[in-house]
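Comments concern the structure below.
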Amino acid sequence: MDSLHRDETNNHVEAALKSGRSTVVRRNKAHLYGTMNANVSEPVSEAAQMDGLLVAVGKHRDRGAFQRLFDFFAPRLKAYVMRLGAADDVAEELVQEAMLMVWRRAETYDPGQARASTWVFTIARNKRIDAIRRAKRPEPDMNDPSFMPEEVQPADRFVEAAQDEERVKEALKNLPEEQAELIRQVYFQDKSHRVIAAETGLPLGTVKSRIRLALKKMRLTIEERDNAGTSP
Amino acid sequence: MPVHHPEPERLMEYAAGAASPAMDVLIAAHLSLCPTCRKTVERLERMGGHMLESLGSDEDVVSMSPGAFDALLEKLDLPEEAPQAAAGDEIDPLPGVDLPAPIRETLRNLERPLEWRNRGKGIEEAEIPLPVDVDDSVRMSLLRIQPGRAVLEHTHDGGEELTMVLAGGFSDEHGHYVRGDVQTGDDELIHKPIADEGEVCVCLAVVEGNLRFTGPVGRVLNLFMRT
Ligand SMILES: [Zn+2]
């Protein structure tokens, strides 16, 4: 990349970081992101900068910002799809396609709703599945006349998203190894609980209750459902 | 709003991209009608994002080949290929039933029209062919049950059956299921659903057979092979 792009990037990145989520969150509840963003003297972590960079790509088609996103995400995405079984060259191609999608869809990224890493994860997940099936992965569509919107829009999605983020991070660290391993198998090895049960010889019910326990510990399911219970 | 939801493990598999093609359709259809489960899936996707982000150390990541970024730069300005409209975009695949988009799209992409078969006792079934997947024990179909009729009592032989109501409703020993609700049946549940009086009940059913592996699975390895 030439130096012109670099300079452009720095300006845009700064602007993006200012207009992006870090400030929005600070305005709401700075402490949710810990000292990372609230304390100005400490540098913002590399991962946290990605949100602002993605905003810069969306707003300004900033190629320098895009390169930094690529440098951060492409090796991670390649590792991700390779863990899921793709050979090196196929993985490379999938990452290229996913990053091209990141470039094209960046305008629709809303830093108040999700971290850049979550947004990029969903794009890569879908690209990989589309490639395997040669068909589009089905997803709910907000513009679908049948779509049921939320009754009440939560007043503060930013805060909620940030709280979730922190909760997941903490909980994943403290999860017993047995449960953490199950979660990794589902996300990084493409194994459903049926496949895990068939491979390990554990009863399906055991695998399911371990996964459910992990989800409960991380408070990832909606509370009233945890109480109501959904299975017989 | 639905009150009977898919089990949380199902939502996690959907969010992680580990669900079967049929289960993806059913879960996506439920999500279209259920803001509660959408929120859970959103959280589960955050977990995916967090895990991706934490692949940070040198052993974890895999470098792209040199020149990968430059090759990508050349594609940035190319016009995007417009998604091709499906051939049957204007056709209503199941008249009289308000289908959530994931099911509607699936039916529109079928190569042949739905073939309804009479299963007797006021029940008809139309099988929906699925994309190739390592788990070929999964079947997906639409069910049409005449008012007041009972679906034959059955068990699931080690697998599971998820049934989502699209129109009308039915009851079993666990409750009453209406549009958007998902019933999970497994070995422990010998269910005897009876359709509501007064309206034909239409459901999407995904049945997983008994899955047995004899060795390590080459799941995606085979699916990733180029044809
Ligand atoms: Zn639900």
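The values are calculated or read from the model by the stated rules, or taken from the named source; none is laboratory data. Everything numeric here is computed off the predicted structure, so don't read it as measured data. Note: ideal-geometry Cβ built from the backbone for every residue, glycine included; neighbour counts use all protein chains shown. These accessible areas exclude ligands, DNA and RNA; they are computed on the full protein's heavy atoms, side chains included. Shrake-Rupley method; radii C 1.70, N 1.55, O 1.52, S 1.80 Å.
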Might you tell me the accessible area per residue for the range A:78-158, computed with a 1.4 Å probe and given in Å²?
-> 44 Å²
Heavy-atom accessible area, 1.4 Å probe, ligands and nucleic acids excluded: residues of the range A:108-133 down by at least 40 Å² from chain alone | A:SER117, A:THR118, A:PHE121, A:ARG125, A:ILE132, A:ARG133
Give the ranking of A:TRP119, B:TRP116 by solvent-accessible surface, highest area first, calculated with a 1.4 Å probe.
-> B:TRP116, A:TRP119
Add +1 for every Lys or Arg and -1 for every Asp or Glu among the other residues with Cβ under 12 Å from the Cβ of B:TYR14, and state the total.
-> -3
Please give the solvent-accessible surface of A:LYS191 in Å², to the nearest 10, using a probe radius of 1.4 Å with every protein chain present.
-> 30 Å²
Order of exposure, largest accessible area first, which applies to B:MET140, B:MET64 with probe 1.4 Å | B:MET64, B:MET140
So for the range A:76-179, using the alpha carbon gyration tensor with a ≥ b ≥ c as root eigenvalues (a/c under 1.5 gives rounded; past that, a/b versus b/c decides prolate or oblate), I'd call it oblate
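What is the sum of charges around B:PRO129, taking Lys and Arg as +1, Asp and Glu as -1, for the other residues whose C-beta is under 9 Å from the C-beta of B:PRO129?
On the way: positive: B:ARG112; negative: B:GLU111, B:GLU127.
Local charge sum for B:PRO129: -1.
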The summed charge of the B:ALA167 Cβ neighbourhood (under 13 Å; Lys/Arg +1, Asp/Glu -1) stands at -2
Cα principal axis extents for the range A:46-136, largest first, Å = 33, 24, 20
